[in-house]
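Notes follow once the structure below has been shown.
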Amino acid sequence: MPYTCVVMCYSLIMCFFYQKTLEALPAMPFKSQKILPAARKIKDLEKLLRTSFEYIVLLDSHVGELKNLVAHSHGKRLLLHADLIEGLKNDEYAAEFLCQNIRPAGLISTRASVILKAKQNKMLAIQRLFLLDSNALEKSYSLLERTKPDYIEVLPGIMPNIIKEVHREVGIPIFAGGLIRSIDDVENALAAGATAVTTSRIELWKHYST
(Lines give C-alpha, C1' and ligand atoms only; values in the text may rest on other atoms or scores of the structure.)
Protein backbone atom coordinates (compact mmCIF):
# COMPACT_ATOMS: atom_id res chain seq x y z
CA MET A 1 0.00 0.00 0.00
CA PRO A 2 1.42 3.43 -0.95
CA TYR A 3 2.72 5.51 1.93
CA THR A 4 0.19 8.31 1.29
CA CYS A 5 -2.70 5.85 1.58
CA VAL A 6 -1.35 4.55 4.88
CA VAL A 7 -1.13 8.09 6.22
CA MET A 8 -4.65 8.91 5.08
CA CYS A 9 -6.07 5.76 6.66
CA TYR A 10 -4.25 6.45 9.92
CA SER A 11 -5.55 10.03 9.95
CA LEU A 12 -9.13 8.88 9.39
CA ILE A 13 -8.87 6.31 12.18
CA MET A 14 -7.44 8.88 14.61
CA CYS A 15 -10.17 11.40 13.74
CA PHE A 16 -12.82 8.74 14.38
CA PHE A 17 -11.44 7.85 17.82
CA TYR A 18 -10.96 11.52 18.70
CA GLN A 19 -14.60 12.24 17.86
CA LYS A 20 -15.76 9.25 19.92
CA THR A 21 -13.66 10.43 22.85
CA LEU A 22 -15.23 13.88 22.69
CA GLU A 23 -18.71 12.37 22.59
CA ALA A 24 -17.92 10.33 25.70
CA LEU A 25 -16.77 13.33 27.71
CA PRO A 26 -19.42 15.12 29.80
CA ALA A 27 -20.30 18.68 28.93
CA MET A 28 -18.70 21.30 31.16
CA PRO A 29 -21.14 24.22 31.02
CA PHE A 30 -20.70 25.42 34.61
CA LYS A 31 -17.07 26.54 34.47
CA SER A 32 -17.89 30.22 34.97
CA GLN A 33 -20.79 29.75 37.40
CA LYS A 34 -19.64 29.09 40.96
CA ILE A 35 -23.09 28.48 42.38
CA LEU A 36 -26.25 26.88 41.06
CA PRO A 37 -29.11 28.78 42.68
CA ALA A 38 -31.91 26.44 43.71
CA ALA A 39 -35.48 27.77 43.75
CA ARG A 40 -38.04 26.20 46.07
CA LYS A 41 -40.89 28.55 45.17
CA ILE A 42 -42.13 30.07 41.93
CA LYS A 43 -41.53 33.58 43.26
CA ASP A 44 -37.89 32.64 43.90
CA LEU A 45 -37.61 31.31 40.37
CA GLU A 46 -39.02 34.57 39.05
CA LYS A 47 -36.26 36.43 40.92
CA LEU A 48 -33.61 34.19 39.43
CA LEU A 49 -34.88 34.77 35.91
CA ARG A 50 -33.78 38.39 36.33
CA THR A 51 -30.23 37.49 37.38
CA SER A 52 -27.10 36.70 35.38
CA PHE A 53 -27.14 33.00 36.27
CA GLU A 54 -27.46 30.78 33.21
CA TYR A 55 -28.21 27.52 35.06
CA ILE A 56 -30.91 27.33 37.73
CA VAL A 57 -32.09 24.38 39.81
CA LEU A 58 -35.83 23.96 40.33
CA LEU A 59 -36.45 21.97 43.50
CA ASP A 60 -40.17 21.81 44.28
CA SER A 61 -42.64 21.95 41.41
CA HIS A 62 -45.87 20.48 40.06
CA VAL A 63 -46.04 18.51 36.85
CA GLY A 64 -48.84 20.73 35.55
CA GLU A 65 -46.70 23.88 35.60
CA LEU A 66 -43.42 22.51 34.29
CA LYS A 67 -43.94 22.99 30.56
CA ASN A 68 -44.90 26.63 31.02
CA LEU A 69 -41.96 27.26 33.38
CA VAL A 70 -39.43 25.82 30.96
CA ALA A 71 -41.00 27.57 27.97
CA HIS A 72 -40.85 30.97 29.73
CA SER A 73 -37.44 30.65 31.35
CA HIS A 74 -36.04 33.67 29.46
CA GLY A 75 -33.07 31.80 28.09
CA LYS A 76 -32.15 30.25 31.44
CA ARG A 77 -31.33 26.56 31.52
CA LEU A 78 -33.39 24.75 34.14
CA LEU A 79 -32.21 21.67 35.99
CA LEU A 80 -35.24 19.83 37.34
CA HIS A 81 -35.11 17.84 40.54
CA ALA A 82 -37.07 14.81 39.34
CA ASP A 83 -37.57 13.46 42.88
CA LEU A 84 -39.49 16.55 44.00
CA ILE A 85 -42.12 16.96 41.27
CA GLU A 86 -45.65 16.70 42.65
CA GLY A 87 -48.11 14.73 40.55
CA LEU A 88 -45.42 12.65 38.83
CA LYS A 89 -44.13 9.28 39.93
CA ASN A 90 -40.36 9.18 40.18
CA ASP A 91 -39.39 6.37 37.82
CA GLU A 92 -37.93 5.83 34.35
CA TYR A 93 -41.29 6.43 32.64
CA ALA A 94 -41.65 9.79 34.37
CA ALA A 95 -38.06 10.59 33.38
CA GLU A 96 -38.87 9.75 29.76
CA PHE A 97 -41.87 12.08 29.92
CA LEU A 98 -39.71 14.90 31.29
CA CYS A 99 -37.05 14.36 28.64
CA GLN A 100 -39.45 14.16 25.71
CA ASN A 101 -42.16 16.64 26.70
CA ILE A 102 -40.66 19.15 29.14
CA ARG A 103 -37.09 19.27 27.79
CA PRO A 104 -35.18 20.87 30.68
CA ALA A 105 -31.42 21.27 30.51
CA GLY A 106 -30.98 18.34 32.86
CA LEU A 107 -32.40 16.10 35.56
CA ILE A 108 -31.28 15.67 39.16
CA SER A 109 -32.22 12.49 41.00
CA THR A 110 -31.16 9.93 43.58
CA ARG A 111 -32.60 7.17 41.39
CA ALA A 112 -30.41 5.24 38.97
CA SER A 113 -33.26 4.68 36.48
CA VAL A 114 -33.84 8.43 36.15
CA ILE A 115 -30.14 9.13 35.61
CA LEU A 116 -29.84 6.43 32.96
CA LYS A 117 -32.92 7.72 31.15
CA ALA A 118 -31.56 11.28 31.15
CA LYS A 119 -28.28 10.06 29.65
CA GLN A 120 -30.16 8.05 27.06
CA ASN A 121 -31.94 11.25 26.02
CA LYS A 122 -28.63 13.18 25.97
CA MET A 123 -29.59 15.46 28.84
CA LEU A 124 -27.36 16.46 31.71
CA ALA A 125 -27.67 13.68 34.28
CA ILE A 126 -26.91 14.70 37.88
CA GLN A 127 -26.77 11.90 40.46
CA ARG A 128 -27.68 13.12 43.93
CA LEU A 129 -25.87 11.37 46.80
CA PHE A 130 -26.59 11.60 50.53
CA LEU A 131 -23.29 10.67 52.14
CA LEU A 132 -24.40 10.15 55.73
CA ASP A 133 -21.83 7.52 56.71
CA SER A 134 -19.08 5.26 55.35
CA ASN A 135 -21.60 2.63 54.26
CA ALA A 136 -23.49 5.20 52.18
CA LEU A 137 -20.21 6.30 50.62
CA GLU A 138 -19.25 2.78 49.56
CA LYS A 139 -22.71 2.12 48.12
CA SER A 140 -22.48 5.40 46.23
CA TYR A 141 -19.28 4.28 44.51
CA SER A 142 -21.06 1.15 43.27
CA LEU A 143 -24.01 3.22 42.08
CA LEU A 144 -21.79 5.66 40.18
CA GLU A 145 -20.01 2.78 38.47
CA ARG A 146 -23.39 1.72 37.09
CA THR A 147 -24.94 5.08 36.20
CA LYS A 148 -21.86 7.10 35.15
CA PRO A 149 -23.66 10.45 35.49
CA ASP A 150 -22.36 13.70 34.00
CA TYR A 151 -22.25 15.27 37.46
CA ILE A 152 -22.63 14.25 41.11
CA GLU A 153 -24.36 16.32 43.76
CA VAL A 154 -22.80 15.51 47.14
CA LEU A 155 -24.87 16.21 50.26
CA PRO A 156 -24.12 17.63 52.72
CA GLY A 157 -21.80 19.95 50.87
CA ILE A 158 -19.80 21.10 53.88
CA MET A 159 -17.39 18.13 53.85
CA PRO A 160 -14.30 19.27 51.90
CA ASN A 161 -12.37 16.06 52.62
CA ILE A 162 -15.20 13.89 51.31
CA ILE A 163 -15.55 16.07 48.21
CA LYS A 164 -11.83 15.58 47.55
CA GLU A 165 -12.08 11.82 48.08
CA VAL A 166 -15.11 11.32 45.85
CA HIS A 167 -13.58 13.41 43.07
CA ARG A 168 -10.32 11.46 43.34
CA GLU A 169 -12.06 8.08 43.35
CA VAL A 170 -14.53 8.57 40.49
CA GLY A 171 -13.26 11.54 38.47
CA ILE A 172 -16.77 12.87 37.87
CA PRO A 173 -17.42 16.63 38.35
CA ILE A 174 -19.07 17.38 41.68
CA PHE A 175 -21.69 19.81 42.92
CA ALA A 176 -21.75 20.43 46.66
CA GLY A 177 -25.17 21.00 48.22
CA GLY A 178 -26.93 20.96 51.55
CA LEU A 179 -26.09 22.97 54.69
CA ILE A 180 -24.27 25.57 52.58
CA ARG A 181 -24.84 28.71 54.66
CA SER A 182 -21.98 31.10 54.05
CA ILE A 183 -19.48 32.38 51.50
CA ASP A 184 -16.80 30.40 53.36
CA ASP A 185 -18.84 27.21 52.89
CA VAL A 186 -19.02 27.88 49.16
CA GLU A 187 -15.34 28.71 48.79
CA ASN A 188 -14.25 25.70 50.87
CA ALA A 189 -16.28 23.36 48.66
CA LEU A 190 -14.86 24.92 45.49
CA ALA A 191 -11.32 24.73 46.89
CA ALA A 192 -11.89 21.02 47.62
CA GLY A 193 -12.64 20.40 43.94
CA ALA A 194 -16.38 21.04 43.54
CA THR A 195 -17.34 22.38 40.12
CA ALA A 196 -20.17 24.42 41.63
CA VAL A 197 -22.30 24.70 44.76
CA THR A 198 -26.08 24.37 44.86
CA THR A 199 -27.84 26.66 47.32
CA SER A 200 -31.28 28.08 48.03
CA ARG A 201 -29.88 30.97 50.12
CA ILE A 202 -30.81 34.24 48.49
CA GLU A 203 -27.92 36.12 50.11
CA LEU A 204 -25.49 33.78 48.35
CA TRP A 205 -27.29 34.28 45.03
CA LYS A 206 -26.78 38.00 45.42
CA HIS A 207 -23.11 37.66 46.32
CA TYR A 208 -22.21 35.45 43.35
CA SER A 209 -24.48 37.09 40.77
CA THR A 210 -22.46 39.22 38.36
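The values are calculated or read from the model by the stated rules, or taken from the named source; none is laboratory data. The structure presented is a predicted model; accordingly, all values stated were derived computationally and were not measured. Positions of Cβ are backbone-derived with ideal geometry, glycine not excepted, and every protein chain shown enters the neighbour counts.
Table: residues versus (1) more than 21 Å from Gln127 (Cβ to Cβ); (2) of a type in the set (D, E, K, R).
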position: Glu54; (1), (2): yes, yes
position: Val57; (1), (2): no, no
position: Asp60; (1), (2): no, yes
position: Gly64; (1), (2): yes, no
position: Arg77; (1), (2): no, yes
position: Asp83; (1), (2): no, yes
position: Gly87; (1), (2): yes, no
position: Asn90; (1), (2): no, no
position: Ala95; (1), (2): no, no
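Give Arg77, Arg111, Arg128 a once-over and let me know the one that is surrounded by 19 or more Cβ atoms within 10 Å (Cβ to Cβ) and touching a strand residue (DSSP E or B) at 6+ places or on another chain (Cβ under 6 Å). Testing whether each residue is surrounded by 19 or more Cβ atoms within 10 Å (Cβ to Cβ) and touching a strand residue (DSSP E or B) at 6+ places or on another chain (Cβ under 6 Å) leaves just Arg128. A count restricted to region 45-61 and to residues that are of a type in the set (Phe, Trp, Tyr) and either surrounded by fewer than 15 Cβ atoms within 10 Å (Cβ to Cβ) or in a loop (DSSP other than H, G, I, E, B) (or both) stands at 1.
Of everything in region 138-154 that is crowded, with 16+ Cβ neighbours inside 10 Å and either among the polar types (S, T, N, Q) or over 23 Å from Glu92 (Cβ atoms) (or both), the residue that is farthest from the chain's Cα centre (by Cα) is Ser140. Within region 165-178, residues that are modelled with pLDDT of 95 or more sit with their Cβ atoms under 9 Å from residues that are part of a helix (DSSP H, G or I) and of a type in the set (Asp, Glu), at 6+ positions apart or across chains, in these pairs: Val170/Glu145; Ala176/Asp185.
Can you spot a residue in region 13-29 that is modelled with pLDDT under 95 and touching a Pro at 6+ places or on another chain (Cβ under 9 Å)? Taking every residue of region 13-29 in turn, at least one turns out to be modelled with pLDDT under 95 and touching a Pro at 6+ places or on another chain (Cβ under 9 Å). When Gly75, Gly64 are checked against the criterion of being out of contact with any Ser or Thr (no Cβ under 9 Å at 6 or more places or on another chain) and either assigned to a helix (DSSP H, G or I) or farther than 29 Å from Lys34 by Cβ (or both), a single residue qualifies: Gly64.
Every listed requirement among (1) farther than 21 Å from Arg181 by Cα; (2) of a type in the set (D, E, K, R); (3) modelled with pLDDT under 95; (4) touching a strand residue (DSSP E or B) at 6+ places or on another chain (Cβ under 8 Å) is met by Lys89 save one, (4).
Taking the criterion of being exposed (fewer than 15 other Cβ atoms within 10 Å of the Cβ) and either touching a strand residue (DSSP E or B) at 6+ places or on another chain (Cβ under 8 Å) or in contact (Cβ under 8 Å) with a residue 24 or more places away in the chain (or both), the residues of region 180-210 that qualify are Ile183, Ala191, Ile202, His207, Ser209, Thr210. Across region 68-111, which residue is nearest to Phe53 (Cα to Cα) among those that are touching a residue at least 40 places away in the same chain (Cβ under 8 Å) and charged (D, E, K, R)? Out of the qualifying residues, it is Arg77.
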